[in-house]
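The values are calculated or read from the model by the stated rules, or taken from the named source; none is laboratory data. Quick caveat, the model's predicted, so the values are computed rather than measured. So basically every Cβ, Gly included, is an ideal-geometry build from the backbone, and we count neighbours across all protein chains shown.
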Amino acid sequence: MARQISRESGGIKYAGSCEPNGFFMPGMMFCLSCGSQVNLHVMENDVSLTCGGCGKRHRVFKDEEEQQQFLSREWTLLQKVCEGGARR
Ligand SMILES: [Zn+2]
């Protein structure tokens, strides 16, 4: 059974799952203000993480590269929760 894990940071909840073999699967992002899913926006004038419910722009980036770097950092931090649990 995969273990569900999550981490809250900057008003966003990052959810993922930890497979029995220690493999990490990134899941979805949720808005801590309203509980709706946070979406990736990649448009010419809007590269951000925007809530699908309340419309809050949690994070605004200058370009897609910055967005990718930010997300990879956040998911890596969540992945560490997974690895920490496997050692117990
Ligand atoms: Zn929201």
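Taking LEU49, is it in contact with a Ser or Thr (Cβ under 9 Å, 6 or more places away or on another chain) and assigned to a strand (DSSP E or B)? Outline the logic, then answer.
Working: in contact with a Ser or Thr (Cβ under 9 Å, 6 or more places away or on another chain): no; assigned to a strand (DSSP E or B): yes.
In short, no.
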Any residue in segment 50-68 that's over 23 Å from GLY35 (Cα atoms): show its pairings with residues that are surrounded by fewer than 18 Cβ atoms within 10 Å (Cβ to Cβ) at Cβ separation under 9 Å, as long as the two are six or more apart or on different chains.
GLU64/VAL42
So how many residues does segment 1-23 have that are touching a Phe, Trp or Tyr at 6+ places or on another chain (Cβ under 8 Å) and either closer than 23 Å to GLU66 by Cβ or exposed (fewer than 13 other Cβ atoms within 10 Å of the Cβ) (or both)?
7
Looking only at segment 13-27, and only at residues there that are touching a helix residue (DSSP H, G or I) at 6+ places or on another chain (Cβ under 7 Å) and in a strand (DSSP E or B), the one that is farthest from THR76 (Cα to Cα)
CYS18
If a residue must be loosely packed, with under 14 Cβ neighbours inside 10 Å and either touching a helix residue (DSSP H, G or I) at 6+ places or on another chain (Cβ under 6 Å) or outside any strand (DSSP E or B) (or both), how many such residues does segment 35-46 contain?
4
Would you point out which residue out of MET25, MET43 is among the hydrophobic types (A, V, I, L, M, F, W, C), more than 15 Å from the chain's Cα centre (by Cα) and away from the ligand (no atom under 13 Å from the Cβ)?
MET43
Going through (1) farther than 14 Å from ARG7 by Cα; (2) part of a strand (DSSP E or B) one by one, PHE30 fails only at (1)
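Considering only residues that are basic (Lys, Arg), within 16 Å of the ligand (Cβ to nearest atom) and surrounded by fewer than 15 Cβ atoms within 10 Å (Cβ to Cβ), which ones fall in segment 47-80?
Here is the first cut: in segment 47-80, the ones basic (Lys, Arg) are 56-57, 59, 62, 73, 80.
Next cut, within 16 Å of the ligand (Cβ to nearest atom) only: 56-57, 59.
Within segment 47-80, ARG57 is the sole residue that qualifies.
Taking the residues in segment 40-88 that are acidic (Asp, Glu) and modelled with pLDDT of 95 or more as candidates, determine which candidate is farthest from PRO20 (Cα to Cα). Before you say what the answer is, go through the steps one by one.
The first filter runs over segment 40-88 and keeps only residues acidic (Asp, Glu), leaving 44, 46, 63-66, 74, 83.
Okay, now just the ones that are also modelled with pLDDT of 95 or more, so 63-66, 74.
Numbers: ASP63: 36, GLU64: 33, GLU65: 32, GLU66: 32, GLU74: 22 Å.
Only one residue tops the list, namely ASP63.
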